[in-house]
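The values are calculated or read from the model by the stated rules, or taken from the named source; none is laboratory data. Since the model is a prediction, treat every value here as computed from it, not as a measurement. With ideal geometry, Cβ positions are generated from the backbone for all residues, glycine too; neighbour counts draw on all protein chains shown. Heavy atoms of the whole protein, side chains included, go into the accessibility calculation; ligands, DNA and RNA do not. Shrake-Rupley method; radii C 1.70, N 1.55, O 1.52, S 1.80 Å.
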Amino acid sequence: MRAKMIQSWQGMGRLACALLIFLACKPESSPTGSLVAAQDAGSAPTQADAGAVTSSRTTDAGIPDAGIPATATSGQPHTGAATRPLQRVPSLKLRPVASEEAFIREHAQDEGWDTSAQRLKSYWHPASRAEDDRLGHFILGHLSNPDEPRGGEQGWMLLREHGGKLAVYGPLITQQPWTPDYMHKVKPVRMTLKTLDGHPGKLLWIQIQDKLTTPLDPQGERLDAKTRLLDYGFLVDARGGFTPLAFQLPEKVTQEINDETTAETTLTVSFTAADRMVITAGPEGANPEQQAWIGEHRIGE
């Protein structure tokens with residue numbers, strides 16, 4: 001009896017070993033199971049998926065979508081349909097005024113300045129002019145009160161005379177009073193009227209230099225200066241049309257320490273058609289402020 005029991009146990013042991021060997025040799029999953037697992041884990045992105053993630057468009061608000069595309073720093077224009085002009089242009093309107101004196105008086109009243117006829121003459125300072133027989137006269141100047149400490153604020157305005165009527169637009173920029181740690185200087189560079197192929201009017205293009213200098217040490221021996229060449233563009237026509245295209249577009253930005261240039265970036269602005277403005281980065285790329293302007297933009301109505 002004992003011998004039979006031993007033989008039975010031995011048989012059961014051989015059967016158990018065979019089962020273990022069979023299970024060890026069986027594949028853990030089928031090909032179908034592997035594919036499902038891979039899909040659950042997330043498939044590798046396709047070229048189209050990557051483009052959807054990394055592509056960037058300049059929105060109407062003028063703020064790029066997440067991520068800066070390679071074309072933004074290489075100086076190449078965006079592809080695809082043109083967008084509306086960047087709404088970095090504030091919602092200012094060309095405001096009619098009865099006369100140049102009335103325009104100055106209104107500003108003086110708002111600022112609480114002396115509005116006597118003699119004092120009014122000292123507030124308006126024309127700096128640049130452009131004119132066309134059909135489009136009228138344009139004057140760029142600033143309003144300031146010489147009695148204010150350190151010259152006070154200087155508000156730069158654009159005055160248009162057309163068909164015997166006056167209108168004002170601005171301020172384009174305001175120069176702040178100087179302090180020991182804040183030296184601000186604004187000056188006009190040029191104002192021109194340019195012909196655009198296919199457009200009945202012209203492009204009024206204004207460039208203003210905006211320079212801010214601040215000390216890097218208490219003694220003021222090391223001075224950091226940032227100079228921006230700012231562009232302003234307007235479509236004007238003989239019927240009195242006035243369409244802002246660009247406002248404080250940073251065409252050139254220069255960083256300096258004690259008059260030694262440490263960085264300089266530029267933008268190139270071109271008009272490929274009467275309704276297309278193309279902005280690209282220069283050879284040194286573009287800083288974040290400039291990158292927001294890069295692209296092809298539809299202009300006009």
Practice task
Go through region 203-228 and count every residue that is assigned to a strand (DSSP E or B), more than 20 Å from the chain's Cα centre (by Cα) and within 19 Å of N258 (Cα to Cα).
Solution key: 6
Completion exercise
Within region 92-113, the residues that are out of contact with any Phe, Trp or Tyr (no Cβ under 8 Å at 6 or more places or on another chain) and either without any contact (Cβ under 8 Å) to a residue 12 or more places away in the chain or of a type in the set (A, V, I, L, M) (or both) are A98, A102, E106, Q109, D110, G112
Completion exercise
Reported set for region 74-131 where residues are among the β-branched types (V, I, T), at pLDDT below 90 and more than 23 Å from K187 (Cα to Cα) is T79, T83
Problem - Test result for K194, without any contact (Cβ under 8 Å) to a residue 24 or more places away in the chain, open to solvent by 40 Å² or more (accessible area, probe 1.4 Å), among the basic types (K, R) and not in a loop (DSSP other than H, G, I, E, B) - result: yes
Fill in the blank from the handout: Of the conditions (1) without any contact (Cβ under 8 Å) to a residue 60 or more places away in the chain; (2) open to solvent by 50 Å² or more (accessible area, probe 1.4 Å); (3) in a strand (DSSP E or B), the single one that D231 does not satisfy is (2)
Handout entry: I279 open to solvent by less than 10 Å² (accessible area, probe 1.4 Å), touching a His at 6+ places or on another chain (Cβ under 9 Å), more than 23 Å from L158 (Cβ to Cβ) and not small (G, A, S)
Key = no
Fill in the blank from the handout: Note on region 154-168: residues within 28 Å of the chain's Cα centre (by Cα) and not aliphatic (A, V, I, L, M) are Q154, G155, W156, R160
Handout entry: Restricting region 197-213 to residues that are open to solvent by 40 Å² or more (accessible area, probe 1.4 Å) and free of Cβ contacts under 8 Å to residues at least 60 places away in the same chain, the residue that is nearest to A238 (Cα to Cα)
Key = P200
Practice task
Would you check if F247 is in contact with a strand residue (DSSP E or B) (Cβ under 8 Å, 6 or more places away or on another chain), open to solvent by 50 Å² or more (accessible area, probe 1.4 Å), under 22 Å from L158 (Cβ atoms) and in contact (Cβ under 8 Å) with a residue 60 or more places away in the chain?
Solution key: no
Handout entry: Condition check for L172: in a loop (DSSP other than H, G, I, E, B), within 30 Å of T214 (Cβ to Cβ), under 31 Å from the mean Cα position of the chain (by Cα) and of a type outside the set (V, I, T)
Key = no
